[in-house]
Amino acid sequence: MDFESLSADLRALQQRALDEASAAPDPESLELLQIRYLSKKGEITTVLRGIGALPPGDRPRVGAIANGVSEAVKAALGRREAELHAEVQTLRLASERVDVTLPGRPRARGTLHPIPETAACIAEVFGQFGFVVYEGPEVEDDLTNFQMLNIPPDHPARDLWDTLYVDIPGHLLRTHTSPGQIRVMQSTRPPIRALLPGRCFRYEAVDASHGFEFFQVEGLMVDEGTSLADLKGLLDEFAHALFGPRKTRFRPGYYPFTEPSVAFDVECLVCGGVGCPACSRTGWMTILGAGMVHPVVLQYGGIDPERYQGFAFGMGVERIANLRHAVPDLRYYLENDLRFLEQFR
């Protein structure tokens with residue numbers, strides 16, 4: 001092989017490499033071309049193996065041509081790599097372009113969970129009558145949760161509360177919000193108008209109308225001359241505020257910490273008092289229990305029952321929410337199902 005043919009092979013190889021570099025569709029193809037032409041076993045090196053057959057004077061000339069070919073191929077691969085990078089950037093910018101003149105995406109507006117929303121609604125109604133919200137501890141002592149509420153250790157009414165006790169001796173998870181009555185009376189002098197919302201706990205099987213964790217709102221009013229008529233008038237206004245102009249009634253009930261005790265009913269929200277499955281064909285729905293505070297409870301609260309009288313009432317927040325929103329199963333409130341919760345926007 002002479003100088004002219006070897007030079008021609010190098011020139012042809014350069015042109016072929018430049019053409020393939022300019023047509024490379026992606027960085028992976030460029031990498032393969034670099035290996036094919038510029039590696040130790042590449043085509044340029046293969047052509048140069050014939051340099052030993054040339055006269056000594058021609059060898060440097062062929063080496064210079066080979067170096068030029070290598071540099072030209074490297075430069076072509078570099079240019080194509082830059083072009084591919086620019087194309088990728090252009091496509092990316094086009095795909096990620098933001099039109100600032102377009103209206104923004106609407107963001108879903110969050111709302112209160114129906115349980116705290118209902119509790120806030122109850123507090124708002126009673127707040128118009130001067131009731132102030134108080135909070136009590138969820139872990140109570142047996143004395144405050146039961147005995148000061150006229151429920152001694154041997155009282156059969158304790159069977160109504162399936163109690164969850166804690167590791168601290170004599171302490172339990174409160175079974176109702178009624179112990180808040182004692183705490184308010186011990187810390188506040190009459191006249192008292194207190195509202196006590198909170199979470200309660202009982203050892204119960206969970207079903208559509210019962211849960212081991214639930215929410216209550218307790219109300220307490222203590223003053224001179226307080227009567228059952230005052231209680232009836234207050235609860236009438238409360239029922240009308242929440243459920244509209246409906247008939248209400250008192251009927252006898254039993255609670256150890258009130259005497260007399262009553263259940264407060266409203267005209268059925270479904271059938272309007274005619275009778276339906278929702279109200280067990282009675283035409284009435286019970287929304288809370290109430291009564292005049294027992295003198296023993298007043299004494300435990302440090303209040304003279306000869307001078308002051310009071311009434312108390314308690315309601316389940318879930319039950320009120322069920323009636324307001326026609327929810328058939330209180331378990332829905334704790335399942336965190338967005339399909340259910342989004343209905344309360």
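Every number here is computed from the coordinates shown, using simple stated rules; none is lab data. Predicted model only: the values in this text are computed from it and were never measured. Positions of Cβ are backbone-derived with ideal geometry, glycine not excepted, and every protein chain shown enters the neighbour counts.
Side notes on the structure shown:
- In plain terms, the chain is cut at each of the GluC sites (Glu not before Pro) found in a DSSP loop with at most 14 other Cβ atoms within 10 Å, and the longest leftover piece is 1-95.
- Other-chain or far-sequence residues with amide H under 5 Å of Gly283's (modelled H): Gly275, Cys276
- Helix-only mean residue ellipticity at 222 nm for the chain, each DSSP H run of n ≥ 4 adding -39500 (n - 2.57), per residue, nearest 500: -12500 deg cm²/dmol
- Largest first, the extents of the alpha carbon coordinates of the chain on the three principal axes equal 133, 50, 36 Å.
- Each Lys and Arg contributes +1 and each Asp and Glu -1, all at the Cβ; summed about the Cα centre of the chain, the dipole is approximately 940 debye.
- In the range 121-177, the chymotrypsin sites (Phe, Trp or Tyr not before Pro) that fall in loop regions by DSSP, at most 15 other Cβ within 10 Å: Phe129
- Remark on Leu288: its backbone amide H falls under 5 Å from those of Phe264, a criterion applied only to residues 5 or more positions apart or on other chains, H modelled at 1.01 Å from N.
- Considering all different alpha carbon pairs of the range 225-345, the Kirkwood hydrodynamic radius works out to 16.1 Å.
- Sorting Ile168, Ile151, Ile115 by the number of Cβ atoms found within 10 Å of their own Cβ, with the fewest placed first, yields Ile168, Ile115, Ile151.
- Under the span-like rule (Cα at least 15 Å along the axis, Kyte-Doolittle mean at least 0.0), DSSP H helices of the chain: 27-38, 114-127, 228-243
- The chain - Cys residues lacking any other Cys C-beta under 4.7 Å: Cys121, Cys200
- Between the amide H of Glu138 and any residue lying 5 or more places away or on another chain, no distance stays under 5 Å, with hydrogens modeled in the peptide plane.
- Full extension of the chain segment joining Arg97 with Arg249 gains 48.1 nm, where the gain is 0.36 nm per residue of separation less the Cα-Cα distance.
- In straight-distance terms, cross-link reach from Lys74 covers every one of the lysines whose alpha-carbon lies under 28 Å from its own, apart from those fewer than eight places away in the same chain; here that gives Lys40, Lys41.
- Kirkwood hydrodynamic radius over Cα pairs of the range 66-127, then Stokes diffusion coefficient at 37 °C and 0.692 mPa s, in µm²/s: 181
- Here the calculated FRET efficiency for Thr282 and Arg105, from their Cβ-Cβ distance with R0 = 45 Å, stands at 0.35, rounded to the nearest 0.05.
- Taking 0.36 nm per residue of sequence separation and removing the Cα-Cα distance, the Glu259/Val133 pair yields an extension gain of 42.9 nm.
- Alpha carbon convex hull of the range 3-95, projected area averaged over orientations, nm²: 5.8
- By other beta-carbon atoms within 10 Å, ranking Asp236, Asp329 with the fewest at the front produces Asp329, Asp236.
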